[in-house]
1. Quickly estimate the mean residue ellipticity at 222 nm for the chain, helices only: each DSSP H run with n ≥ 4 gives -39500 (n - 2.57), and the total goes over all residues, rounded to 500.
2. How high is the FRET efficiency between Ala88 and Asn138 when r is their beta carbon distance and R₀ equals 30 Å, given to the nearest 0.05?
3. Given Lys49/Lys152; Lys21/Lys90; Lys57/Lys90; Lys21/Lys63; Lys49/Lys90; Lys63/Lys90, which pairs have Cα atoms separated by over 28 Å?
4. Using bins 10 angstrom wide from zero, how does P(r) for region 104-167 break down, in % of all Cα pairs?
5. In what order, largest first, do His143, His136, His38 sit by accessible area if the probe radius is 1.4 Å?
6. For Lys152, what accessible area in Å² do you get when you roll a 1.4 Å probe over the heavy atoms of the protein chains, rounding to the nearest 10?
7. Please list Tyr19, Tyr80, Tyr166 from largest to smallest accessible area, probe radius 1.4 Å, with all protein chains kept in place.
8. By the gyration tensor of its Cα atoms, with a ≥ b ≥ c the square roots of the eigenvalues, what is the shape of region 26-81: rounded for a/c under 1.5, prolate for a/b over b/c, or oblate?
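The values are calculated or read from the model by the stated rules, or taken from the named source; none is laboratory data. None of these values were measured; they are calculated from a predicted model. Note that we place each Cβ from the backbone using ideal geometry, even for glycine, and neighbour counts take in every protein chain shown. All accessible areas refer to the heavy atoms of the entire protein, side chains included, with ligands and DNA or RNA removed. Shrake-Rupley method; radii C 1.70, N 1.55, O 1.52, S 1.80 Å.
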Amino acid sequence: LKSFYSSNTNILENLDIYYRKNYLPGLLLVEDTVSMAHSLETRVPLLDKNVVNWANKINIKNKLMNGELKGFLKNVAKKYVPKDILEAPKRGFPTPLKNWFRDELREFVQMRLSRDSDMLDLVMNKNSRMKLFRSHCNIKLPHALDELRAHKIWMLLCLSSWSKTYNLKTR
């Protein structure tokens, strides 16, 4: 750590330098490795070379405007983005599976879950699968269990695809 400390910089600048030179490259390597290992295409939206070069010129005190991470970005964005979005808690980017399974993928999901499948039966029998699917489709939005049911359906679809792709038999 001493290699990047100098008498001309303060602790925030040192932390920013350390973060950009050590932490961020490792994080990006993990993101790339993990996503590609699972055939996922991911993008980091603010990692454009010109954006990074511009952001690196911003003083660390401006980046931490009002002591808040991304304070500078949020201050600029407040002219264009609603307050409730700017102040929303940090979260991932979930896919709208719960909606897709009710609408455009409804017939596909119903067909896949209603098939005879020894592999799926190991996890959940056909009657239970169909009951899960019907309850997901028939309960009005929003419902506290929407995400849970959609996630279960997603796992069943993945197992079905995986067993079909690799022609797996239960015994």
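1. Details: 11 runs with 97 residues, N = 171.
When only DSSP H runs of four or more count, the value is -16000 deg cm²/dmol.
2. Numbers: r = 30 Å, r/R0 = 0.99.
With R0 = 30 Å, the Cβ-Cβ based efficiency is 0.50.
3. Values: Lys49/Lys152 40 Å; Lys21/Lys90 24 Å; Lys57/Lys90 26 Å; Lys21/Lys63 17 Å; Lys49/Lys90 24 Å; Lys63/Lys90 18 Å.
Over 28 Å apart, Cα to Cα: Lys49/Lys152.
4. Using 10 Å bins, I get a P(r) of 21, 57, 20, 3 for region 104-167.
5. Numbers: His143 70, His136 0, His38 130 Å².
If we order His143, His136, His38 from most to least accessible, we get His38, His143, His136.
6. 90 Å²
7. Working: Tyr19 100, Tyr80 175, Tyr166 145 Å².
Final ranking, largest accessible area leading: Tyr80, Tyr166, Tyr19.
8. Working: a/c = 2.46, a/b = 2.12, b/c = 1.16.
Prolate shape, in that a/c is at least 1.5 and a/b is the bigger ratio.
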